[in-house]
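**Student:** Dropping a structure here in structure tokens format, bear with me for questions.
No value in this document is a laboratory result; all are computed from the given coordinates. Predicted model, so just to flag it, every value in this text is computed and none were measured. Positions of Cβ are generated from backbone atoms using ideal geometry, with glycine treated the same way; all protein chains shown enter the neighbour counts.
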Amino acid sequence: MPPRRSTSSVKRYRESTSPLTSSEDDAAYTPAKVTPKTKGARSIAVKTDAVIVEAAVNVEAAAPPAKKPRASKGKISKEDGENYKRDVGGDEAVDEKSKKKTPKAKMWPPPDLDPANHPARSGFPIFALSPTTVSNGSLNPSVPSRPMLLGAHVSMGGGPATALLRASKAGANGLALFVKNQRSWKSNPYEDEAIQRFRDLMRPRDEGGMGYPPESILVHGSYLINLGNPDTAKWNMSYECFRDDLRRCHQLGIKLYNWHPGSTVGACSKEESLALVAKAINKAHAEVPEVVCVVENMANANSNILGTTFSDLATIIRLVEDKSRIRVCLDTCHTFAAGYDIRTNDTYAVTMRKFGEEVGFEYLGGMHLNDSKAGLGACKDLHENIGLGDIGLTAFRCIMRDPRMSHIPLILETPAADKPLEVGELAVWVKEIKLLYEIQAIPEDEWSAKSVEIEKRWRADRDVMNPPKEPKGKAKNAKKAKKGKKDEDEEGSLWHC
Ligand SMILES: [Zn+2]
Ligand SMILES: [Zn+2]
């Protein structure tokens, strides 16, 4: 998932969204010992009448303050340099020696993610918009009012439930997260408390949760999985990891699981490889209930990578027995890089018509919203912030005004902020979510003029968060190009495990 500017962006994006290392996992999922005094700190009560996913135009009712966790005395230990932690067992009568041995647990909810400080979430109901004009008609709303589930891929550092808090803090109506370390074959199982926290926070706001129903959450699977590999031992290893991801989704009450279909690794035909992917999906459907497998389209056309064409996606769907549990996710950067143009109203309409004919919108389970640093058909997976790459703002306005894209997770995987602002790495996504709603609302006859000024303003804004680091001089450029090649190779090499 490559970010912007730096050629090591793939790495950085992963790090910024990486859940945790295994050892951190332990800490994150270890339930705090609860004394009667601190028990009340467990639940987050956010009482509001606003139902997020039905938010109407300009709804600005911010969530009232959440109940602050009642920390027992001496528990918050910011001073000792371990923010957000509290002593869990003893207070007054603990001697220095045993104090050192006392396990620390993270305070819940983490103060920096306190729901009391989250912004209001809003979005334009799709039915309220005038149609987007295309040369031979319009992208007419053909479905009833449904909300846009716009959000971002956020970190689950501190436990999976923190992802819901981060999404809410970013003003998102949907989100994506990893369910374990995306670069490890094995991770520790969830503690019961981590599962319960997640399930509680998914609930509607008037029931004390953050209002993220299952249809608004799209998990991203491990990068290591290659279900298209014909090597039996490697396929089995991938399958175990895949099934583990699905089981984690099921534990958390998540329904949509998105992952990369894989690669032939040059060892078999694409048809054989696609059949292996479908075999894994059928097997997993029998072993893990409910979770829907959402195959992502890929950028690297003309390679061993699967899923770079709509027909690859259609082949997988055809071979899956339970059609109610197979969907696809269109990544805009991957779509464009693989040669499908979406830059204008007309090219967007043509590409989406192709998708409808070859795959079918009934199988669209989510989208990843990313601009591209590489050109049309460049086959490179290089994500850029919305509207600032080779795709441009118009495509994203088309998506935001397309009723077929409502009620499915629309997930930003754009480069996070280099410069942590008041909301840290969420800063860029907060702005991009606002930007997408802003461009969604602009009428057709005003778009061409306004898009220019909006892009200029947004680019300046983004450059503050992610200052440009273009190297000066040929030597630096050459070095950068070399490094970029290395990063891409590393990305590609993931399939060979
Ligand atoms: Zn992906
Ligand atoms: Zn993606």
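**Student:** Amide H to amide H, which residues 5 or more places from D331 or on other chains are under 5 Å from it, using H placed in the peptide plane?
**Tutor:** Correct list: N297, H368.
**Student:** A follow-up question, please. Ranking K323, K450 by Cβ neighbours within 10 Å, fewest first, what do you get?
**Tutor:** K323, K450
**Student:** Please tell me which of these pairs span more than 31 angstrom C-alpha to C-alpha: K186/K323; K186/K270; K234/K469; K169/K354?
**Tutor:** Too far apart for the 31 Å limit: K234/K469; K169/K354.
**Student:** Hey, another quick one. Order these by the 10 Å Cβ neighbour count, fewest first: M156, M465, M107.
**Tutor:** M465, M107, M156
**Student:** Counting only Cα atoms, I'd like the Rg/Rh figure for the stretch 218-345, Kirkwood definition for Rh.
**Tutor:** 0.96
**Student:** Using only Cα atoms, what Kirkwood radius does the stretch 339-470 have, in angstroms?
**Tutor:** Here the Kirkwood hydrodynamic radius works out to 15.6 Å.
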